[in-house]
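Undergrad: This is the structure I want to talk about, given as structure tokens.
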Amino acid sequence: MLALPLLEAMVPAATALAQTAAAPKPRFVGLFVPHGMAPGYWVPEKEGALPTELPFNWKPLEPFAKQTTILSGLHSRSAEPPPGVTGADHWVAAAFLCANKPRKTAGADVYAGTTIDQIIAQKIGRENLLPSLQMTVEDPGANSSNCGEGYSCTCTNTISWSSPTQPLPMEFNP
């Protein structure tokens, strides 16, 4: 015999139990699509309710379309360099979810800002075993030579910060 905790799949959808604390919790997913990763596939064509048929990369969300909200246009223009100054690609990832331009440092004294995913995790994730999970499809160590312009590699390799001085590592191979 094996004792399991109450799992979401064990709760029938239209029961009174589904309306209690055992009901599924809301989730937040932040996706950073760098390097010109075909933005047309990730950004909805128009504002409002999601279309009945979603683009191929959003297909897995179709059964949940009525419970899904997609926010786009969150790129922080204020974190970009002024005209004629280089280096935006070295800090734009760190500014993505916090709208703060990171401190220009190649040392350990990094500073960006608490990201919105972590603020949300503090509110809706605190009852979960993993309130927040950061994953990547690109090995952060593989492009360590891509850092420059006086910025720490942390700024290039981190989009999630639990505080302005605490970047969260990403899982490349969970």
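Undergrad: Take the residues in segment 66-78 that are in a loop (DSSP other than H, G, I, E, B) and at pLDDT 75 or above, then tell me which one is nearest to residue 152 (Cα to Cα). So that I can check it myself, show each step before the final result.
TA: Residues of segment 66-78 in a loop (DSSP other than H, G, I, E, B): 68-76.
Applying the additional criterion that residues be at pLDDT 75 or above yields 68-72.
Working: 68: 35, 69: 33, 70: 31, 71: 29, 72: 27 Å.
Taking the candidates together, the pick is 72.
Undergrad: Is at least one residue of segment 81-96 among the aromatic types (Phe, Trp, Tyr), on the phi < 0 side of the Ramachandran plot, in a loop (DSSP other than H, G, I, E, B) and surrounded by 15 or more Cβ atoms within 10 Å (Cβ to Cβ)? If you could, list the steps in order and put the result at the bottom.
TA: Kept after step one, since they are among the aromatic types (Phe, Trp, Tyr), are these residues of segment 81-96: 91, 96.
Among the residues that remain, those that are also on the phi < 0 side of the Ramachandran plot are: 91, 96.
From the residues that got through so far, the ones that are in a loop (DSSP other than H, G, I, E, B) too are 91, 96.
Add one more test, that the residue is surrounded by 15 or more Cβ atoms within 10 Å (Cβ to Cβ), and what stays is 91, 96.
Yes; the residues of segment 81-96 include at least one that is among the aromatic types (Phe, Trp, Tyr), on the phi < 0 side of the Ramachandran plot, in a loop (DSSP other than H, G, I, E, B) and surrounded by 15 or more Cβ atoms within 10 Å (Cβ to Cβ).
Undergrad: So which residues in segment 109-129 are modelled with pLDDT of 85 or more and either in a helix (DSSP H, G or I) or exposed (fewer than 13 other Cβ atoms within 10 Å of the Cβ) (or both), if there are any at all?
TA: 109, 116, 117, 118, 119, 120, 121, 122, 123, 124
Undergrad: Still on this structure, I have one more. Can you name every residue in segment 152-173 that is loosely packed, with under 13 Cβ neighbours inside 10 Å and in contact (Cβ under 8 Å) with a residue 40 or more places away in the chain? If you could, list the steps in order and put the result at the bottom.
TA: Step one: list which residues in segment 152-173 are loosely packed, with under 13 Cβ neighbours inside 10 Å, which gives 169, 171, 173.
None - no residue of segment 152-173 is loosely packed, with under 13 Cβ neighbours inside 10 Å and in contact (Cβ under 8 Å) with a residue 40 or more places away in the chain, so the list stays empty.
Undergrad: Here is a follow-up. So is residue 43 in contact (Cβ under 8 Å) with a residue 12 or more places away in the chain, out of contact with any helix residue (DSSP H, G or I) (no Cβ under 7 Å at 6 or more places or on another chain) and in a loop (DSSP other than H, G, I, E, B) or not? Full working, then the answer.
TA: On the way: in contact (Cβ under 8 Å) with a residue 12 or more places away in the chain: yes; out of contact with any helix residue (DSSP H, G or I) (no Cβ under 7 Å at 6 or more places or on another chain): yes; in a loop (DSSP other than H, G, I, E, B): yes.
Taking the combined requirement at face value, the residue satisfies it.
Undergrad: Here are some conditions: (1) under 27 Å from residue 47 (Cβ atoms); (2) modelled with pLDDT under 75. Residue 81 meets all but one. Which one does it not meet?
TA: Only one criterion in (1) under 27 Å from residue 47 (Cβ atoms); (2) modelled with pLDDT under 75 is unmet by residue 81, namely (1).
Undergrad: Quick one: in segment 52-62, of everything that is without any contact (Cβ under 8 Å) to a residue 12 or more places away in the chain and part of a loop (DSSP other than H, G, I, E, B), which residue is surrounded by the most Cβ atoms within 10 Å (Cβ to Cβ)?
TA: 54
The values are calculated or read from the model by the stated rules, or taken from the named source; none is laboratory data. None of the values given here were measured: they were computed from a predicted structure. When we count neighbours, we look across all protein chains shown, and the Cβ atoms used for this are built from the backbone with ideal geometry, even at glycine.
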